[in-house]
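Trainee: Let me begin by handing over the structure; questions about it come next.
The values are calculated or read from the model by the stated rules, or taken from the named source; none is laboratory data. Predicted, not measured: the structure shown is a model, and the values here were computed from it. We place every Cβ from the backbone using ideal geometry, glycine too, and count neighbours over all the protein chains shown.
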Amino acid sequence: MNELGKQQIQEINVHIKDGIEQWAKICLMADADRWSYDLNYDKEDVMNVALLFNHVCSNIGIKEGRIREKEALEFGERIRQLIIDMTGIDPHHVYDKGEKRNDE
């Protein structure tokens with residue numbers, strides 16, 4: 001199966017959940033206090049948050065029987081299009097062409 005034991009996986013899961021919660025609260029505070037516009041993100045940040053979103057939502061969707069192979073491809077394309085529409089960044093180009101971060 002996996003080199004990690006169940007206890008290790010549970011501990012990692014707790015850390016991931018705590019980190020996601022902490023950053024979500026910080027982002028919510030930034031939006032509520034109206035200083036989020038002063039933050040600067042780049043393509044790497046978009047990709048990281050997309051990976052987290054996909055990781056968490058897919059985990060739940062697969063376990064709930066909502067995502068099978070056919071749906072996975074469709075959902076992936078829908079997420080890609082949403083990212084393009086919202087940011088102008090195409091995740092396929094970032095991965096396929098190894099685009100550099102904005103600050104490099």
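Trainee: Please count how many residues of the range 57-70 are in a helix (DSSP H, G or I) and either touching a strand residue (DSSP E or B) at 6+ places or on another chain (Cβ under 7 Å) or over 20 Å from Val94 (Cβ atoms) (or both).
Mentor: Within the range 57-70, the subset in a helix (DSSP H, G or I) is 57-63, 69-70.
Remaining after also requiring either touching a strand residue (DSSP E or B) at 6+ places or on another chain (Cβ under 7 Å) or over 20 Å from Val94 (Cβ atoms) (or both): 59-63, 69-70.
Going through the range 57-70 one residue at a time, the tally reaches 7.
Trainee: What is the one condition in (1) modelled with pLDDT under 95; (2) within 26 Å of Asn40 (Cβ to Cβ); (3) of a type outside the set (Ser, Thr, Tyr) that Asp85 does not satisfy?
Mentor: (1)
Trainee: Residues in the range 3-25: is at least one of a type in the set (D, E, K, R), surrounded by 11 or more Cβ atoms within 10 Å (Cβ to Cβ) and in contact (Cβ under 8 Å) with a residue 60 or more places away in the chain? Break it down stepwise before answering.
Mentor: Restricting attention to the range 3-25, the residues satisfying the condition of being of a type in the set (D, E, K, R) are 3, 6, 11, 17-18, 21, 25.
Right, trim to surrounded by 11 or more Cβ atoms within 10 Å (Cβ to Cβ) and you get 11, 17.
Now narrow it down to the ones that are in contact (Cβ under 8 Å) with a residue 60 or more places away in the chain: none.
Checked against the condition, which is being of a type in the set (D, E, K, R), surrounded by 11 or more Cβ atoms within 10 Å (Cβ to Cβ) and in contact (Cβ under 8 Å) with a residue 60 or more places away in the chain, the range 3-25 yields no hits at all.
Trainee: Run down Leu82, Leu52, Leu28, Leu73 and say which single residue is assigned to a helix (DSSP H, G or I) and touching a residue at least 12 places away in the same chain (Cβ under 8 Å).
Mentor: Just a single option satisfies the conditions, and that option is Leu52.
Trainee: Which of the following residues is in contact (Cβ under 8 Å) with a residue 40 or more places away in the chain, in a helix (DSSP H, G or I) and more than 12 Å from the chain's Cα centre (by Cα): Tyr37, Tyr95?
Mentor: Details: Tyr37 fails: in contact (Cβ under 8 Å) with a residue 40 or more places away in the chain.
Every option except Tyr95 fails the conditions.
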